[in-house]
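The values are calculated or read from the model by the stated rules, or taken from the named source; none is laboratory data. Given the structure is predicted, the values throughout are model-derived calculations rather than measurements. Heads up, the Cβs are rebuilt from the backbone with ideal geometry, glycines too, and the neighbour counts pull from every protein chain shown.
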Amino acid sequence: MKKTLSEDLRLKLEALPTEPGVYIMKKGDEQIIYIGKAKNLRNRVRSYFQEGSGDGRRQFKALVRNIADLDYIVTSTEQEALILEATQIKAHKPRYNILLKDDKKYPYIRITNEAFPRVYATRDIVRDGSRYLGPYSNVRAMHTTLDMLRKVFPVRSCDFKLPSDKVRLCLEYHIKRCEGPCEKLVDEAEYKKTIDSAVRFIRGQNSEVIKELQKQMADAAADMRYEKAARFRDQLKALESMRARQKVVFDDNIDRDVLGLTRSDDEACCSVLEIREGRLLGKKHHFLGGVMESSDEEILSAFTRQFYLQNDFVPTEIHLPIQPDDADEIADWLSQKAEGRVTLATPQRGAKAQMLEMAEKNAAQMLSERQHKREMNRDKVPQSVYALQRDLNLTTLPRRIEGIDISNIQGTHSVGSLVCFIDGKAKRSQYRFFKIKDLERPDDYASIHQVVHRRFRGLRERGEAFPDLLLIDGGKGQLSSAVEALRELGIENQPVLGIAKRFEEIFLPGESKPVILPKTSASLRLLQVLRDEAHRFALKNHREQRAKSTLTSALDDIPGIGPKKRNALLVAFGSVKRIAETPVEEIAAIPGFGPQQAADLIAHLTAKTPQPTGEEGTEQSKTTAMQPEDSTGNSKNKKPNQAENNAQEQNDES
């Protein structure tokens, strides 16, 4: 990809070092738009501006077009670059990076930096030496944990500055939920032991807490401090009761996080199942934006770094559905953070693989709920419709989309189909089909021109609104024919596009190069569904027209056989071939027929009925072809539904 560089930018590129570090891309207004890490800053950053660079992603091209300046920070190791990149992304939230969403809205549990610390929920982070656990995406579960903590551990809940001579004992002390630090009934060292046990309780490391409480209870009983021993006993009972309600998923006592990933369009969700000492403690989930053109490996790498950057606890094992490219660097960084070996693994079978599947299902459910809530807030318009407006830069939200396709075989019985989607869903009562007129040979371009012209002329004459978007099944040629038909009608601002099936290229009027949307985008999936539905409906009507022509030509040429008698014969015998093989007496028994007319009919059919070929099929198959078809194109012996009747009745927008 070639880009004209300013003199300052060119000099910076030439002066780049070969050490590892972090590079910061900026727009002309000094706004940071991308932050990345590199083993070799010179090679990595210069690659953005080399001709032919990139992998064809639109996001990469847009990023390079907007780069006006850059900065970089040299680090001693790749691991330092890894951490620094995550820190800078969290601080600046650049447009083209994968970002954790809503992290500022999620609460934390704060352990204050005081002589007698407090433990409470907060959404504000104050850099005063306090410890923070979280963030917690499940707020209810967090408050449940805090409620249980206050029942088990006598941690003060007041907000007085201690020690103080002006504070006296309160009700919390008398109901055994505080040890009275306000009147120095407990010293700082003993109180901080309680706080440390409370922190381990929050993290799910209950085995250590239980052992300590058992020892403290035994020591208190040995010293005949029975009231204190009873308090430890009650704490132990509460802990054991809580552990009994937690699901045991593994027999070992290893702390694990199991990460599940799901994605849709430009958004992803990562779910984290927290397994502590073999028990499922709970789950967290986070949403990520800007992921449409990123691989699963890139998403997991970004999430893992940003998630554990803001968590002070790192488990011994982290299970991922797929290994990121920088898994080794992430593992080394997390090992240093945890002060012990941390392993990133991808289980393939057994209970661990089942937990990964559970995490992915949770992530899919959370993302589905989020999108459903968003659609409810947007008048039930699905995300795919908004994605289509975004990806194609449409001025109007494409709530009504019409799709056109042509179907014929060697130019015979050519029909055009028109399907309609409203708010991303098929509106079958609005389907139409058009018999192509006055064409001596198959011509997709002329057929598209005719259908578009007739459709929009009819809409204008009836005073009906034009669709928000018109989709043509085909490439540049078909799109040009549609645009020409609109131009002949004086319609200039109608949004229209063509979609070519082979490479799923999207062609827009006036654009020489096609638009390639990512395969994961909701907008592309919506266009594909609409295109395939237009093709199905065109093929269905083409088959019906061809079958009707074949059947009526065999019976309508016979003197004395009108529509009523023809239908009676087909209902009774099913096909022309079977009629020809039926004895005269059976035909004569049908109301309206006599022996002579039945004999004349058999003689006529025996002389003129052709033998079925492999290409055309039997007369029975032709009769079946007249029946309505389901969404897969298979025939069904049932009456057409009202939507199809509407489409048949209004098939010719002359």
Name the residue that is farthest from the chain's Cα centre (by Cα), counting only residues in region 119-148 that are assigned to a strand (DSSP E or B) and within 15 Å of V199 (Cβ to Cβ).
V119
Determine, yes or no, whether Q306 is touching a strand residue (DSSP E or B) at 6+ places or on another chain (Cβ under 6 Å), over 22 Å from S523 (Cα atoms) and polar (S, T, N, Q).
yes
Considering residues that are touching a Pro at 6+ places or on another chain (Cβ under 9 Å) and assigned to a loop (DSSP other than H, G, I, E, B), the number found within region 297-315 is 2
State all residues of region 316-330 that are outside any loop (DSSP other than H, G, I, E, B), more than 18 Å from A364 (Cβ to Cβ) and out of contact with any Asp or Glu (no Cβ under 6 Å at 6 or more places or on another chain); if no residue qualifies, say none.
E317, A327, D328, I330
Of the residues N362, N408, which is crowded, with 16+ Cβ neighbours inside 10 Å, touching a His at 6+ places or on another chain (Cβ under 9 Å), under 24 Å from D251 (Cα atoms) and in contact (Cβ under 8 Å) with a residue 24 or more places away in the chain?
N362
For region 135-168, how many residues are touching a residue at least 24 places away in the same chain (Cβ under 8 Å), touching a helix residue (DSSP H, G or I) at 6+ places or on another chain (Cβ under 7 Å) and not basic (K, R)?
10
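Conditions tested, residue by residue: (1) basic (K, R); (2) at pLDDT below 90; (3) over 28 Å from the mean Cα position of the chain (by Cα); (4) closer than 24 Å to A268 by Cα.
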residue	(1), (2), (3), (4)
V22	no, no, yes, no
E30	no, yes, yes, no
A38	no, no, yes, no
R42	yes, no, yes, no
G56	no, yes, no, yes
D102	no, yes, no, yes
Select from region 415-435 the residues that are closer than 19 Å to A522 by Cα and of a type in the set (A, V, I, L, M) and list them in ascending order.
I422, A426
Residues of region 477-522 being under 29 Å from the mean Cα position of the chain (by Cα), under 18 Å from I404 (Cα atoms) and in contact (Cβ under 8 Å) with a residue 60 or more places away in the chain, which ones?
P495, L497, I506, L508
The correct count of residues that are touching a residue at least 40 places away in the same chain (Cβ under 8 Å) and more than 14 Å from I590 (Cα to Cα) in region 560-573 is 1
Where the second residue is among the β-branched types (V, I, T) and surrounded by 13 or more Cβ atoms within 10 Å (Cβ to Cβ) and the first is assigned by TED's automatic domain parsing to the domain that holds K37 and free of Cβ contacts under 8 Å to residues at least 40 places away in the same chain and lies in region 329-352, which pairs have Cβ atoms under 9 Å and are six or more apart or on separate chains?
none
Quick check on L16: is it within 30 Å of K284 (Cβ to Cβ), of a type outside the set (V, I, T), in contact with a Lys or Arg (Cβ under 9 Å, 6 or more places away or on another chain) and in contact (Cβ under 8 Å) with a residue 12 or more places away in the chain?
no
Run down A353, A364 and say which single residue is over 27 Å from Q494 (Cβ atoms), under 20 Å from the mean Cα position of the chain (by Cα) and hydrophobic (A, V, I, L, M, F, W, C).
A364
